Amino acid sequence: GQQLNQSPQSMFIQEGEDVSMNCTSSSIFNTWLWYKQDPGEGPVLLIALYKAGELTSNGRLTAQFGITRKDSFLNISASIPSDVGIYFCAGQRGSSNTGKLIFGQGTTLQVKP
Amino acid sequence: DTEVTQTPKHLVMGMTNKKSLKCEQHMGHRAMYWYKQKAKKPPELMFVYSYEKLSINESVPSRFSPECPNSSLLNLHLHALQPEDSALYLCASSRTWGQDTDTQYFGPGTRLTVL
């Protein structure tokens, strides 16, 4: 099925470093979501974006809804070991696409203490 | 509170067994979902229920049978599964289905192993 292009696929960084990941699409979305998933657990919603150009923060996390509605990025500042996990972006078009979530392939983040 | 609960946490079953997965939410959400997730892959949509009615079946084999007995509960009945059906099964819910603001909240999942 349709997927988003999420990059990078994986990152291995030092504790305290900043992290940036992004998702792009050839189609526009009305909503962008960012989830984090720990091993063996379900995805946890980090940030939801509902308006083009919107910039939203949640603690050390910042995400933006691209102005073209075809991309979004997630930044993590001052990474800590508990940031380890897989981060998924997801786009949604509401009723024009039956409301299904379209997921990126995920970014695996590893943090070295 | 954005909690979706799922039971059991882990399930091991043989190919001839019949088992059920359960999902519950008390957020007043009227849309509920089943997803299947393989290791290191994104979730794949299986079923969508809206106001207790099946709205979407993503061509899922009949050995998976969903049921929504009321607005808070969602079941997935399993019968004659194959080893390739082993995966993490996720339940999710949202306020309604089909609107841009219908953010989906996921449960912790059931890790299913089919022997």
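Just so it is clear, none of the values below were taken in a lab; they were calculated from the coordinates. Computed from a prediction, not measured in an experiment: that's the story for all the values here. For neighbour counting, all protein chains shown are included, and Cβ atoms are generated from backbone atoms with ideal geometry for every residue, glycine included.
Quick notes
- Of the chymotrypsin sites (Phe, Trp or Tyr not before Pro) found in the stretch B:1-56, those in coil by DSSP whose Cβ has at most 16 other Cβ atoms within 10 Å are B:TYR51.
- Considered as an equivalent ellipsoid built on the Cα gyration tensor, the protein assembly as shown has semi-axes of 30, 21, 15 Å, the largest given first.
- Normalised by 2.2 N^0.38 Å, where N is the number of residues, the C-alpha radius of gyration of chain B stands at 1.00.
- Gap separating the Cα centres of the stretch B:9-66 and the stretch A:23-57, nearest whole Å: 22
- Computed from backbone phi with θ = phi - 60° and the Karplus coefficients 6.51, -1.76 and 1.60, the 3J(HN,Hα) list for the stretch B:41-46 is 10, x, x, 10, 5, 10 Hz; x is used for glycine and proline.
- Legend: ranking of residues B:HIS29, B:HIS77 from fewest to most surrounding C-beta atoms inside 10 Å; resulting order B:HIS77, B:HIS29.
- Between A:ILE67 and A:GLU17, the FRET efficiency from the beta-carbon distance, with R0 = 41 Å, is close to 0.90.
- Mean partner shielding of peptide B:86-96, defined as the number of other chain Cβ atoms within 10 Å of each residue Cβ, is 2.
- Gyration tensor (alpha-carbon) shape descriptor, chain A, a/c threshold 1.5: prolate
- Inter-chain shielding of A:31-40 (mean C-beta neighbours from other protein chains, 10 Å cut-off): 3
- Label point 7 Å beyond Cα of B:ARG95 along Cβ direction - residues of the stretch B:40-66 with amide nitrogen under 18 Å: B:50-52
- Among the cysteines of the protein assembly as shown, those whose beta-carbon sits 4.7 Å or more from every other cysteine beta-carbon are B:CYS68.
- Counted by Cβ distance under 12 Å from B:GLY98, the other residues give a net charge of +2, where Lys and Arg count +1 and Asp and Glu count -1.
- Computed over chain A: relative contact order in percent, which uses C-alpha pairs under 8 Å that are six or more apart: 37
- Among beta bridges that DSSP assigns inside chain B, antiparallel share in %, nearest 5: 90
- Trypsin sites (Lys or Arg not before Pro) within the stretch B:40-84, DSSP loop, no more than 16 other Cβ atoms inside 10 Å: B:LYS40, B:ARG63
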